[in-house]
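The values are calculated or read from the model by the stated rules, or taken from the named source; none is laboratory data. What you are looking at is a predicted structure, and each value in this text was computed from that prediction instead of being measured. With ideal geometry, Cβ positions are generated from the backbone for all residues, glycine too; neighbour counts draw on all protein chains shown.
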Amino acid sequence: MKISRLLGIVTLLLNRERMTAGELARHFEVSVRTILRDLEALDEAGIPVQTVQGQGGGVGIMQGFALDRQFLSVAEISSIVTALEGLSRLISEPGIDTAREKLGNLVSPVVRERIQGRERVLDIDMAPWYGPSRLGETLNLLLEAAQALQVVSFCYSSTKGECSEREVEPYKLSCKGNVWYLYGYCLLRNDFRMFRLSRIRRLERQRKTFTRREVPEHLYDWDYDWEQGDPGHALMDVVLKFNSCLRYRVEDFFADEQICEQPDGSLLVRASFPRDEWVYSYVLGCGPDVEVVEPEELRECIMQKARAVMERYRHQGA
């Protein structure tokens with residue numbers, strides 16, 4: 001990981017007078033060109049990297065430079081360490097633990113104690129609450145495949161309940177709203193697609209490798225993907241009326257500006273949802289304590305699905 005390598009370079013240079021770019025490249029097992037780019041990045045970030053030419057020369061950090069005072073504040077270091085700790089509970093990436101350790105060693109014992117004090121009031125854990133989880137295993141496999149430019153194969157379940165076998169070039173792992181997604185180039189669809197990790201089964205790395213394609217910037221834009229993606233997911237404006245007993249669910253999910261409290265205590269919500277099974281399951285999951293006010297097509301669809309549920313139970317009880 002680049003952040004781990006940058007921190008490692010700073011640590012080495014703070015403890016040695018100077019090192020050559022070749023020595024740094026061998027230490028971190030990267031090219032000299034990569035090290036030169038890293039040194040340039042450190043210099044742009046405010047780390048005073050000096051280069052001495054000739055025999056016995058190399059690169060070093062200006063004497064008297066103190067990282068904990070000039071590069072990162074106590075709050076910033078604490079935030080990084082806390083975030084790395086939360087990520088390490090889910091992803092088995094050696095660089096994460098190394099980065100945490102190096103950050104701790106970069107500061108004085110007094111500052112380290114202050115950081116530990118801040119850590120006690122903020123905890124990040126990205127692992128699921130319930131049941132055995134394949135998420136960590138899936139994330140690690142996809143991370144390794146993406147870094148090695150290896151194609152992965154898996155069975156994927158769509159929102160329509162359809163299962164399909166996919167081969168995908170993995171490009172990026174994203175966590176949005178506590179849900180993990182994979183962005184990749186799907187060889188079945190011949191286009192970039194987003195896959196929810198919880199719907200992936202039988203994930204395997206293939207021997208087949210790939211060359212990264214140019215990714216349109218909008219494919220990493222969540223709003224664009226939501227609005228401009230599959231035509232079946234086009235947005236529709238929805239007005240929902242919730243009974244006051246569901247206030248906690250409304251406030252958990254919707255923004256304040258979307259909620260309007262009514263004189264009778266009910267909550268009127270105006271939002272936009274994709275035209276797919278998700279919105280139907282959300283509304284039906286609220287039971288009789290929510291009413292679709294608009295649009296009429298959604299009201300009709302919910303009534304049809306509610307009748308189908310009733311008919312199933314009626315048939316089973318007959």
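Out of the residues in segment 246-262 that are among the hydrophobic types (A, V, I, L, M, F, W, C) and touching a strand residue (DSSP E or B) at 6+ places or on another chain (Cβ under 8 Å), which is nearest to residue 290 (Cα to Cα)?
246
Quick one: in segment 170-198, which of the residues that are in contact with a strand residue (DSSP E or B) (Cβ under 8 Å, 6 or more places away or on another chain) and not in a strand (DSSP E or B) is surrounded by the most Cβ atoms within 10 Å (Cβ to Cβ)?
197
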Next on the checklist: I'm trying to understand the selection: among the residues of segment 20-50, which are over 32 Å from the mean Cα position of the chain (by Cα) and either surrounded by fewer than 17 Cβ atoms within 10 Å (Cβ to Cβ) or among the β-branched types (Val, Ile, Thr) (or both)?
Outcome noted: 20, 22, 23, 48, 49, 50
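Would you please name the residue that is nearest to residue 243 (Cα to Cα), looking only at residues in segment 266-282 that are among the charged types (D, E, K, R) and surrounded by fewer than 16 Cβ atoms within 10 Å (Cβ to Cβ)?
Taking segment 266-282 first, the residues among the charged types (D, E, K, R) are 270, 275-277.
Imposing the further condition that a residue be surrounded by fewer than 16 Cβ atoms within 10 Å (Cβ to Cβ) reduces the set to 270, 276-277.
Details: 270: 15, 276: 24, 277: 23 Å.
Here the residue is 270.
Being modelled with pLDDT of 80 or more and not aromatic (Phe, Trp, Tyr) is the requirement here; does residue 176 meet it?
no
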Item to check | Qualifying positions in segment 264-307 - of a type in the set (D, E, K, R), in contact (Cβ under 8 Å) with a residue 24 or more places away in the chain and outside any helix (DSSP H, G or I) | outcome: 270, 275, 276, 291, 294
Next on the checklist: Here are the criteria: (1) surrounded by 12 or more Cβ atoms within 10 Å (Cβ to Cβ); (2) hydrophobic (A, V, I, L, M, F, W, C); (3) in a helix (DSSP H, G or I). Tell me which single one residue 310 does not satisfy.
Outcome noted: (1)
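Yes or no, residue by residue, for (1) assigned by TED's automatic domain parsing to the domain that holds residue 174; (2) at pLDDT 75 or above; (3) in a helix (DSSP H, G or I):
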{"position": "6", "(1), (2), (3)": "no, yes, yes"}
{"position": "35", "(1), (2), (3)": "no, yes, yes"}
{"position": "50", "(1), (2), (3)": "no, yes, no"}
{"position": "79", "(1), (2), (3)": "no, no, yes"}
{"position": "82", "(1), (2), (3)": "no, no, yes"}
{"position": "87", "(1), (2), (3)": "no, no, yes"}
{"position": "100", "(1), (2), (3)": "no, no, yes"}
Checklist entry - Got at least one residue in segment 199-212 being modelled with pLDDT under 90, of a type outside the set (Lys, Arg) and either part of a strand (DSSP E or B) or within 24 Å of residue 87 (Cβ to Cβ) (or both)? => result no
